[in-house]
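Step one of this worksheet: look at the structure below.
Values in this text are rule-based calculations from the coordinates and carry no lab data. All of these numbers come straight from a predicted model, not from anything done at the bench. As a convention, Cβ positions derive from the backbone with ideal geometry for all residues, glycine included, and neighbour counts pool all protein chains shown.
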Ligand SMILES: Nc1ncnc2c1ncn2[C@@H]1O[C@H](COP(=O)(O)OP(=O)(O)O)[C@@H](O)[C@H]1O
Ligand SMILES: [Mg+2]
């Protein structure tokens, strides 16, 4: 199926959402819970059942943005439709109006790991094992289906309140490797794998790199490759080439895992399968 057919098959489903009075379909838009580059995420409530959901509203706006917004919306919808995992946000339905695209997802009551870390400064290795273990399971599940997330970062991992559970969100940049257009660059600069920065072909290993950046940030409280002078991809690439330092306070196992996840060579970088059996996660 080509992308136009896919687009039509998705949007031919019958929905009659309304842009008026902050209501879309059968959901009332209650409050804004997140803002990103491409849209706004609202907390929504079903008018009859009162069930809470999260609704990502992607405006179609200008012609220039429309294609990118549409592409992001389609990638996210396509990937989420195929994925069913405890540690990946669940898609409930999707809609479109003249002005916007809408993704209706389960509402995850909690906060992103980025906000959580900001409050705590640093997270113990012991606690991180739970989160990294779960995200690795979810990534393995995605990678087994040839889906690469491509935007793994602390902002895109939500920690559920009162539960020791994290969920991956924001699949707007995800791709199916069998259909991928390798020429398109994307992701968040500070989490980009060297092969992405170097415009080489990429694989599922890019997610492992980004997760390595997350783990480093969580256990040390700072970013492995952060520097105020980094403004573009080439700065970032050269900064990575210089390597990173690991505090002695980290356990031997944690340092070993970080070296394996932040391996410059994607071929040598540890796989999700091997992270799950690494001594750090098992101890
Ligand atoms: N299903 C959800 N449940 C609760 N909060 C969510 C959900 N999806 C997104 N959010 C919140 O909205 C923010 C932006 O969502 P995200 O999908 O990352 O959009 P963007 O593509 O704009 O970055 C997230 O950081 C998170 O705080
Ligand atoms: Mg995001």
**Fill in**
Averaged over all viewing directions, the convex hull of the alpha carbons in the range 110-282 casts a projected area in nm² of 9.6
**Asked** What FRET efficiency would be calculated for the residue pair residue 238, residue 161, taking the C-beta separation as r and a Förster radius of 45 Å, to the nearest 0.05?
**Response** 0.65
**Prompt:** Say each of residue 177 and residue 67 gets a label point 7 Å from the Cα, pointing the same way as Cα to Cβ; how far apart are those two points in nm?
**Reply:** 2.8
**Prompt:** So how tilted is helix 63-82 from the main axis of the chain? Cα-based, degrees 0 to 90, rounded to 10.
**Reply:** 80
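Which semi-axis lengths, in whole Å and largest first, follow from the square roots of five times the eigenvalues of the Cα gyration tensor of the range 162-251?
Details: eigenvalues 109, 81, 24 Å².
After diagonalising the Cα gyration tensor, the semi-axes are 23, 20, 11 Å.
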**Complete:** Residues 73, 38 in order from fewest to most other beta-carbon atoms within 10 Å are 38, 73
**Complete:** Stretched fully, the stretch from residue 189 through residue 111 gains (0.36 nm per residue minus C-alpha distance, one decimal, in nm) 25.9 nm
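Can you classify the range 205-283 as rounded, prolate or oblate using the Cα gyration tensor, where a ≥ b ≥ c are the square roots of its eigenvalues, rounded means a/c under 1.5, and otherwise it's prolate if a/b beats b/c and oblate if not? Working shown, then result.
Working: a/c = 2.33, a/b = 1.45, b/c = 1.61.
In terms of gyration-tensor shape, oblate.
Stretched out fully, how many nm does the piece from residue 122 to residue 81 gain, at 0.36 nm a residue minus the Cα gap?
Details: separation 41, 0.36 × 41 = 14.76 nm, distance 3.45 nm.
Taking 0.36 nm per residue and subtracting the Cα distance, the gain is 11.3 nm.
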**Asked** How would you classify the range 31-183 from its alpha-carbon gyration tensor, with a ≥ b ≥ c the square roots of the eigenvalues: rounded for a/c under 1.5, else prolate if a/b is greater than b/c, otherwise oblate?
**Response** oblate
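How large is the helix-only mean residue ellipticity at 222 nm for the chain, computed as the sum of -39500 (n - 2.57) over DSSP H runs with n ≥ 4, divided by its residue count, in deg cm²/dmol to the nearest 500?
On the way: 10 runs with 105 residues, N = 283.
Calculated at 222 nm, the ellipticity per residue is -11000 deg cm²/dmol.
Can you figure out the FRET efficiency of residue 22 with residue 144, using R₀ = 35 Å and their beta-carbon distance, to the nearest 0.05? Spell out each step's value before the answer.
Details: r = 39 Å, r/R0 = 1.13.
Efficiency, from the Cβ-Cβ distance: 0.35.
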**Prompt:** Any idea what angle helix 205-220 forms with the longest principal axis of the chain, computed on alpha-carbon atoms, 0 to 90 degrees, nearest 10?
**Reply:** 70
